[in-house]
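*Asks:* This is the structure I have questions about; it appears just below.
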Amino acid sequence: MIYRKLGNSGIEASAIGLGAWAIGGWMWGGIEERQAIEAIQVSLENGINLIDTAAIYGFGRSEQIVGKAIKNRRNQVVLATKCGLVWDKEKGKLHFHSDDKGITTGPSQKKVYIYLEPQSIREELEKSLSRLGTDYIDLYQTHWQEPTTPIEDTMAELMKMKDEGKIRAIGVSNADLEQLQSYGPIDTDQERYSMLDRKMEKNGTLEYCIKNNIAVLAYSPLVHGLLTGKITPERQFKEGDLRRNNPRFSPSNRQRVQEMLGQFAPIAQNHKATISQIVIAWTFMRRGITHVLCGARNAEQARENAGAGNISLAANELQTMDKIIGEFLPTMEGMGT
């Protein structure tokens, strides 16, 4: 496994991290807790020490499951979670409506707001610490950015938490270049990045992170499983699964993705690896991408993800993959870079 520093924090985290969104069950058609705990523990046993969760994932459930899984193993974990999405108050910017299964299009059980007022994120931190069963967070991140609270006020509170030893490093997620610049001395930026999502390369945020030694945590590198090679055009998704009505997962797109991934097969065979592992390796070998967050809902998926940390793609292999991606991407609806 490759380990890289989280910005200037001095914290070393595995290049492959476990993304715990699906473990919360919300928006993923539910979860079996025992399997989720096994996925976390197998990740740790196979060299992954970075676990990334958030309060909103399952409205606290993901954090609770992570807490159970790392009990008596806290010193083996670089624990990352997030703040700023609240459902217990109607303040800040309304982000979406939701029920316990997923986002809804109209009035629902919960209204989720983006809210980063200092006292609110202080309250969120304490709740996360309780759910996770720990007295400190290694990396605390603002989940989304909002216009009603000045960034300097949010950052001041985060710095205070750091001085108190409640958090060790500060990060942001889903931020544009102006917001990144306004935060100042942050350690990480977590953004959507994959073969099919390359916005960071064009909007200046990736280059800013490189120049300022900000670690980049790429989330959804496998595009919710689309790039694993395991989601066929015939696959049916459960109610509440975010992929169910997503245009990216249309049968025609899935067919084209399967064809693209099929052309990676010789490279995968050369490394005795799966397609999924080759895709993960391609991602963490991109310039500026320091860590890749991969979801796993069971031990088998966790073991496969961790195995990608042993792969080093040659320059000609990377060039071949880039060429294949460039040829197929224009034929897929709703993809783009």
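The values are calculated or read from the model by the stated rules, or taken from the named source; none is laboratory data. Just so we're clear, the structure is a prediction, and the values are computed from it rather than from any experiment. So basically every Cβ, Gly included, is an ideal-geometry build from the backbone, and we count neighbours across all protein chains shown. Only protein heavy atoms, including side chains, enter the accessible area calculation; ligands, DNA and RNA are left aside. Shrake-Rupley method; radii C 1.70, N 1.55, O 1.52, S 1.80 Å.
*Asks:* Identify the single condition in (1) more than 21 Å from residue 304 (Cβ to Cβ); (2) surrounded by 14 or more Cβ atoms within 10 Å (Cβ to Cβ); (3) modelled with pLDDT of 90 or more that residue 233 does not satisfy, given that it satisfies every other one.
*Replies:* All conditions are met except number (3).
*Asks:* I'd like to verify a number: residues in the range 238-277 that are outside any loop (DSSP other than H, G, I, E, B) and among the acidic types (Asp, Glu), how many?
*Replies:* To start, the set of residues in the range 238-277 that are outside any loop (DSSP other than H, G, I, E, B) comprises 241, 247-249, 251-262, 265-270, 275-277.
Right, trim to among the acidic types (Asp, Glu) and you get 241, 259.
Summing the residues that are outside any loop (DSSP other than H, G, I, E, B) and among the acidic types (Asp, Glu) in the range 238-277 gives 2.
*Asks:* While we're on this one: If I go through the range 135-166 residue by residue, how many of them are in contact (Cβ under 8 Å) with a residue 60 or more places away in the chain, more than 30 Å from residue 14 (Cβ to Cβ) and of a type in the set (Val, Ile, Thr)?
*Replies:* 0
*Asks:* Looking at 191, 201, 239, can you tell me which residue is modelled with pLDDT under 95, touching an Asp or Glu at 6+ places or on another chain (Cβ under 9 Å) and acidic (Asp, Glu)?
*Replies:* On the way: 191 fails: modelled with pLDDT under 95; 239 fails: touching an Asp or Glu at 6+ places or on another chain (Cβ under 9 Å).
So the residue among 191, 201, 239 that is modelled with pLDDT under 95, touching an Asp or Glu at 6+ places or on another chain (Cβ under 9 Å) and acidic (Asp, Glu) is 201.
*Asks:* Taking the range 131-140, which residues are surrounded by 14 or more Cβ atoms within 10 Å (Cβ to Cβ) and either not in a strand (DSSP E or B) or not β-branched (Val, Ile, Thr) (or both)? Steps first, answer last, please.
*Replies:* Just the residues of the range 131-140 that are surrounded by 14 or more Cβ atoms within 10 Å (Cβ to Cβ), to begin with: 131-134, 136-140.
Correct list: 131, 132, 133, 134, 136, 138, 139, 140.
*Asks:* So residue 61 clears everything in (1) open to solvent by less than 60 Å² (accessible area, probe 1.4 Å); (2) under 20 Å from the mean Cα position of the chain (by Cα) except one condition, right? Which one?
*Replies:* (1)
*Asks:* What number of residues in the range 151-203 are at positive phi and either among the basic types (Lys, Arg) or in contact with a Ser or Thr (Cβ under 9 Å, 6 or more places away or on another chain) (or both)?
*Replies:* Of the range 151-203, the ones at positive phi are 165, 174, 184.
Next, from what is left, pick out any that are either among the basic types (Lys, Arg) or in contact with a Ser or Thr (Cβ under 9 Å, 6 or more places away or on another chain) (or both): 174.
Final tally of qualifying residues: 1.
*Asks:* Among what's in the range 141-177 and is more than 20 Å from residue 211 (Cβ to Cβ) and hydrophobic (A, V, I, L, M, F, W, C), pick the residue that is most open to solvent (accessible area, probe 1.4 Å).
*Replies:* Among them, the one singled out is 144.
*Asks:* Next question. Name the residue, out of 297, 287, that is under 23 Å from residue 5 (Cβ atoms) and in a loop (DSSP other than H, G, I, E, B).
*Replies:* Numbers: 297 fails: under 23 Å from residue 5 (Cβ atoms).
Residue meeting the stated conditions: 287.
*Asks:* Restricting to the range 155-177, name every residue that is farther than 13 Å from residue 82 by Cα and assigned to a helix (DSSP H, G or I).
*Replies:* Answer for the range 155-177, where residues must be farther than 13 Å from residue 82 by Cα and assigned to a helix (DSSP H, G or I): 155, 156, 157, 159, 160, 161, 162, 163, 177.
*Asks:* To continue, here is another question. What's the number of the only condition in (1) small (Gly, Ala, Ser); (2) over 29 Å from residue 83 (Cβ atoms); (3) open to solvent by less than 10 Å² (accessible area, probe 1.4 Å) that residue 262 fails to meet?
*Replies:* All conditions are met except number (3).
*Asks:* If you scan the range 178-218, which residues turn out to be open to solvent by less than 50 Å² (accessible area, probe 1.4 Å), more than 18 Å from residue 282 (Cβ to Cβ) and not in a loop (DSSP other than H, G, I, E, B)? Walk me through how you get there before you give the answer.
*Replies:* From the range 178-218, those open to solvent by less than 50 Å² (accessible area, probe 1.4 Å) are 179-180, 183-184, 186-191, 193-198, 200, 204-206, 208-209, 214-218; that's our starting set.
Within this subset, residues satisfying the condition of being more than 18 Å from residue 282 (Cβ to Cβ) are 179-180, 183-184, 186-190, 204-205, 208-209, 214-215.
Hits for the range 178-218 are 179, 180, 183, 188, 189, 190, 205, 208, 209, 215.
*Asks:* Cβ-Cβ below 6 Å, separation at least six or inter-chain, first residue in the range 36-55 and open to solvent by 10 Å² or more (accessible area, probe 1.4 Å), second in a loop (DSSP other than H, G, I, E, B) and modelled with pLDDT under 95: which pairs?
*Replies:* Within 6 Å, the pairs are 47/1.
*Asks:* Now for a different question. Look at the range 278-311 and say how many of its residues are farther than 30 Å from residue 208 by Cβ and either of a type outside the set (Gly, Ala, Ser) or open to solvent by 30 Å² or more (accessible area, probe 1.4 Å) (or both).
*Replies:* Total meeting the criteria: 7.
*Asks:* Condition first: open to solvent by 40 Å² or more (accessible area, probe 1.4 Å) and within 21 Å of the chain's Cα centre (by Cα). Now tell me which residues in the range 88-126 satisfy that.
*Replies:* Scanning the range 88-126 gives 95, 100, 101, 103.
*Asks:* Name the single residue, out of those in the range 65-87 being within 14 Å of residue 137 (Cα to Cα) and polar (S, T, N, Q), that is surrounded by the most Cβ atoms within 10 Å (Cβ to Cβ).
*Replies:* The extreme case among them is 81.
*Asks:* Residues in the range 21-49 that are among the aliphatic types (A, V, I, L, M) and in contact with a strand residue (DSSP E or B) (Cβ under 6 Å, 6 or more places away or on another chain): how many?
*Replies:* So the first thing to find is which residues in the range 21-49 are among the aliphatic types (A, V, I, L, M), and the list is 22-23, 27, 31, 36-37, 39-40, 42, 44, 48.
So of that shortlist, the ones also in contact with a strand residue (DSSP E or B) (Cβ under 6 Å, 6 or more places away or on another chain) come out as 22, 48.
Here the count works out to 2.
*Asks:* So if I check each of 10, 25, which one is without any contact (Cβ under 8 Å) to a residue 60 or more places away in the chain, farther than 20 Å from residue 191 by Cα and surrounded by 24 or more Cβ atoms within 10 Å (Cβ to Cβ)? I'd like the intermediate steps shown before the answer.
*Replies:* Working: 10 fails: surrounded by 24 or more Cβ atoms within 10 Å (Cβ to Cβ).
25 is the lone residue from the list that is without any contact (Cβ under 8 Å) to a residue 60 or more places away in the chain, farther than 20 Å from residue 191 by Cα and surrounded by 24 or more Cβ atoms within 10 Å (Cβ to Cβ).
*Asks:* Hey, another quick one. Could you list all residues from the range 236-259 that are touching a Phe, Trp or Tyr at 6+ places or on another chain (Cβ under 8 Å) and either open to solvent by 10 Å² or more (accessible area, probe 1.4 Å) or without any contact (Cβ under 8 Å) to a residue 12 or more places away in the chain (or both)?
*Replies:* 237, 240, 241, 242, 243, 244, 256, 259
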